[in-house]
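Here the structure comes first, spelled out in structure tokens, and everything after it is commentary.
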Amino acid sequence: MLNIIRSKAAMQPEVPFSRFDHDCFSQGQMWGMYKYKTGCEQLKMKLTERVIYVPMSRFTNDMKPENISDTAKFVLLGLSDDPHLQLILLGLFLSMYLVTVLGNLLIILAVISDSHLHTSMYFFLSNLSLADICFISTTVPKMIVDISTHSRVISYVSCFTQMSLFIIFGCMDGMLLTVMAYDRFAAICHPLRYNVIMKHRLCWLLVLLSFIISVLDALLLTSMALRLSFYTNLEISHFFCELDQLLKIACYDILINIIIEYLLTGLLGVVPLSGIIFSYTQIVSSFLKIPSAGGKYKAFSICGSHLIGLSLFYGTGFGVYLSSTGAHSPRKSAIISVMYAVVTPMMNPFIYSLRNKDMLKALGKLIFRITPFHSYVRCLYYCNKSKRKKVMNDL
């Protein structure tokens, strides 16, 4: 790594420094410019001064750059600056977060508690619910705290941590939806071999593989983003730290980051989507061959909710992509991102449970079991039963 020090060497060519009249920070490097321990100080040089490139090993201990990433902070501008809307946004997002967490948590508990739901389809659904809880928990709680405390500051480490977790669980959602499409394909196209194909070990392996791919995707994108340097104007026009917004405020060439981001997005978007399209092509072909109306209704009930979930996830994701590449204002892009980051996880419990009789039955049993009313009815039943026995004995 090369850094720059001042020198009066007459043999070096003159370099214009007007482009460096911005306050920048980085982890010891900003366009190769050496930063002294004073942090983000303004670099202004005379045109008569020269520069010499020297390796880092030539610097003494007292000249090593200070890692200022611990003190750097970003400002999340949020969805609106209107103070009258802050209370409305607080109530709206708090209620949406509670509904999302409660709904997905009920699905997880219902699948665990009901032995009839111990199948691969509901196993993947419970993992999707867990991923949705983590997905929305990376963004909304921070936004709620910011609105309630009137503080929009987020530290450098917290910002990149939030971005990494958002990528992991967003990618995890897409991978699990692909796995669920394969599960539907096996259930409808190969019903007699379904239990043989979708073994318990294979289900765990597919979930683990989805998680590993998501983590690798996040690690690569985050490691590239950590190499970025930023101006001191660290305002992010969003309600959370998104990779595209960080690239917009970076203060040097981001072409490599953009290329890698689009390659990974295309790879992890097109390949799973191609698998989903292939699975449903085979499902439709098998659906048309089913002679009875009851069989067609059962096949549609299996795939209908998943198709709605797929449409919502990829539809909102595609909308976020178009808003980031188009000429939309940053605030409009942030509002569109709400559909992808908040509404989709909130709607999934309703999509996968309202049209599923087995899930509704399991949820009813679970809610009845965990409420105090259950203990009252149970006591009333056994008390009446003992009284009936006593009456019969007296007779």
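The values are calculated or read from the model by the stated rules, or taken from the named source; none is laboratory data. Here the structure is a predicted model, which means the values were calculated and not measured. Reconstructed Cβ throughout: ideal geometry from the backbone, glycine too, with neighbour counts over all protein chains shown.
Quick notes on this one:
- Residues that are of a type in the set (D, E, K, R) and in contact (Cβ under 8 Å) with a residue 60 or more places away in the chain within region 204-247 comprise 235, 242, 244, listed in sequence order.
- Odd one out for residue 152 among (1) under 19 Å from the mean Cα position of the chain (by Cα); (2) touching a residue at least 12 places away in the same chain (Cβ under 8 Å): (1)
- Residue 144 falls short of the stated requirement of being of a type in the set (A, V, I, L, M), in the same structural domain as residue 265 (by TED's automatic domain parsing), within 28 Å of residue 89 (Cα to Cα) and outside any helix (DSSP H, G or I).
- Candidates 295, 266, filtered to the one that is small (Gly, Ala, Ser), in a helix (DSSP H, G or I) and more than 23 Å from residue 125 (Cβ to Cβ): 266
- Between 271, 338, the distinction of being farther than 22 Å from residue 123 by Cβ and either surrounded by 16 or more Cβ atoms within 10 Å (Cβ to Cβ) or in contact with a Gly (Cβ under 6 Å, 6 or more places away or on another chain) (or both) belongs to 338 only.
- The residues listed here are 177, 106, 192, 117; of these, the one that is out of contact with any Cys (no Cβ under 6 Å at 6 or more places or on another chain), closer than 27 Å to residue 359 by Cβ and without any contact (Cβ under 8 Å) to a residue 40 or more places away in the chain is 192.
- Checked against (1) assigned to a helix (DSSP H, G or I); (2) in contact with a helix residue (DSSP H, G or I) (Cβ under 8 Å, 6 or more places away or on another chain), residue 208 meets all criteria but (2).
- Residue within region 185-198 that is touching a strand residue (DSSP E or B) at 6+ places or on another chain (Cβ under 8 Å) and assigned to a helix (DSSP H, G or I) present: no
- Within region 330-350, the set of residues being touching a helix residue (DSSP H, G or I) at 6+ places or on another chain (Cβ under 8 Å) and either at positive phi or of a type outside the set (A, V, I, L, M, F, W, C) (or both) comprises 330, 332, 333, 337, 340, 344, 345, 348, 349.
- Any hit, region 240-255, residues being among the basic types (Lys, Arg) and part of a loop (DSSP other than H, G, I, E, B): no
- Evaluated against (1) modelled with pLDDT of 85 or more; (2) surrounded by 14 or more Cβ atoms within 10 Å (Cβ to Cβ); (3) farther than 29 Å from residue 143 by Cβ, residue 302 falls short on exactly one condition, (1).
- Residue in region 339-361 that is outside any helix (DSSP H, G or I), closer than 25 Å to residue 108 by Cβ, at pLDDT below 80 and not acidic (Asp, Glu) present: yes
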